[in-house]
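Worksheet for the structure shown next.
Just so you know, all these numbers are worked out from the coordinates, no wet-lab data involved. Quick caveat, the model's predicted, so the values are computed rather than measured. Here the Cβ is made from the backbone with ideal geometry for all residues, glycine too, and neighbour counts use every protein chain on show.
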Amino acid sequence: LDMKYYKQAEQIYRELLAAEPGFENGMLDLAYIFEVTDRLREAEKTYARILSGNPVSVQARTRLGNLYMREGRGEEAIRQFNQLLKINHKDLESQLKIGIIRLQQKNYEDAISEFTGLLKEDPRYDQALYYLATTYEEKLDYEQAIRNFRLISQASPLWNAAQSRLAMVFAKLKDIASGAKVLNEAIAKSPDVGDLYLYLAIIYEEAGQYDESMKVLDRGLEKLPNDTEMLFRKGIILDKTGKKEEAVEIMRRVLVIDPKNADALNYIGYSYAEMGTNLLSAKEMIIQALDISPDDGYIMDSLGWVYFKMGMHKKALDMLIEAIKRVPDDPVILEHLGDVYLELGKKAKATEAYRKAIQYNHSEPEKIKAKLDAIK
């Protein structure tokens with residue numbers, strides 16, 4: 001189905017199904033149109049209609065399970081995948097999805113059970129190995145995470161991703177040398193994979209080794225000069241080393257390559273807000289970023305902060321409340337919220353926000369304590 005003709009196609013399928021109501025392939029195509037045009041309730045009803053007439057329709061049940069999974073309706077998705085396993089007990093993909101849902105639910109023991117069960121069926125099932133290792137990583141069982149990431153074959157499409165995750169596990173163990181070794185070896189084998197440079201740069205960045213991080217990014221950008229993720233990271237390192245103007249220029253390069261890069265739009269807009277300059281441009285850029293990523297709490301924080309700098313305190317408060325709902329433990333957002341409450345004369349709420357900012361490890365606790373002292 002061509003994107004331009006969904007409306008016409010929908011009309012044709014409706015007419016076809018009016019003449020032949022039980023035509024399953026027609027219903028499947030109509031449900032697909034509903035999904036790609038974001039009418040998920042209509043898609044759900046159509047799949048349910050198919051299954052009421054044909055409970056063993058693998059395609060309808062798979063798509064319904066995937067729809068539930070997309071929407072975060074884990075238990076409903078699992079019911080569909082379990083039904084598929086009754087139809088075909090060797091349906092490894094459905095079992096994998098059940099494991100992924102259990103991992104998303106942080107039900108680690110059940111996730112491990114699903115993935116290890118899959119590996120008994122097929123010891124070389126790389127997706128099961130990858131998600132098993134990821135489960136152990138999230139469970140903080142780093143020894144098992146390392147073991148399973150290392151079992152993924154270099155021939156697997158997941159090998160590069162596994163090396164990145166393996167290196168990050170070493171970084172969590174403060175073993176920067178081992179993490180760097182893993183990624184440098186991976187880069188030698190796959191020199192055109194940007195993520196490998198990116199993760200190596202992040203490992204050095206998080207260890208405070210900004211010079212090493214910058215060297216890695218420059219090395220990667222020689223190979224892949226238009227890699228927006230590496231460029232963005234370079235901008236962040238420049239920011240962290242006090243080179244704000246150079247950082248903004250890098251972010252502008254990102255936007256030349258990808259005008260809809262929400263992170264770069266947000267960075268420039270927030271930087272202007274912090275400096276108290278170009279506030280109208282800052283607002284426009286951040287609103288554009290929020291249109292691209294409408295549920296991003298950090299972008300909401302930036303917009304709230306711009307409103308605050310523009311003296312629009314009520315709008316700032318509304319936006320920061322939305323931001324904190326999405327990122328309740330971010331100390332900078334909490335500080336911003338405290339500043340707005342204080343400006344509105346709500347000292348008790350400002351105090352609460354500042355205390356939470358300290359509780360969640362604000363990078364400048366003395367600054368926040370000074371604000372608390374000023375309220376007293």
*Simple spin-label model, 7 Å along Cα-to-Cβ: K45 to Q209 in nm?*
5.9 nm
*Given 0.36 nm per residue, what is the gain on full extension from L119 to E274 after removing their alpha carbon distance, in nm?*
50.6 nm
*Kindly put H362, H336 in sequence by how many other C-beta atoms sit within 10 Å of each C-beta, fewest to most.*
H362, H336
*Q8 to S178: extension gain in nm, 0.36 nm per residue of separation minus the Cα-Cα distance?*
55.5 nm
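Taking 0.36 nm per residue of sequence separation and subtracting the Cα-Cα distance, how much length would be gained by fully extending the chain between E75 and V58, in nm to one decimal? It would help to have the intermediate numbers written out before the result.
Numbers: separation 17, 0.36 × 17 = 6.12 nm, distance 1.85 nm.
Between E75 and V58, full extension yields 4.3 nm more.
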*Straight-line reach from K90: which lysines have Cα under 23 Å away, leaving out those fewer than 8 places along the same chain?*
K120
_Need the list of lysines near K371 for cross-linking: C-alpha distance under 27 angstrom, and skip anything on the same chain fewer than eight residues off._
K240, K244, K283, K309, K314, K315, K325, K346, K347, K349, K356
*With r as the distance between the Cβ atoms of Q144 and K346 and R0 = 45 Å, compute the FRET efficiency 1/(1 + (r/R0)^6) and round to 0.05.*
0.40
*List the lysines whose alpha-carbon lies under 16 Å from that of K181, not counting same-chain residues fewer than 8 positions away?*
K172, K189, K215
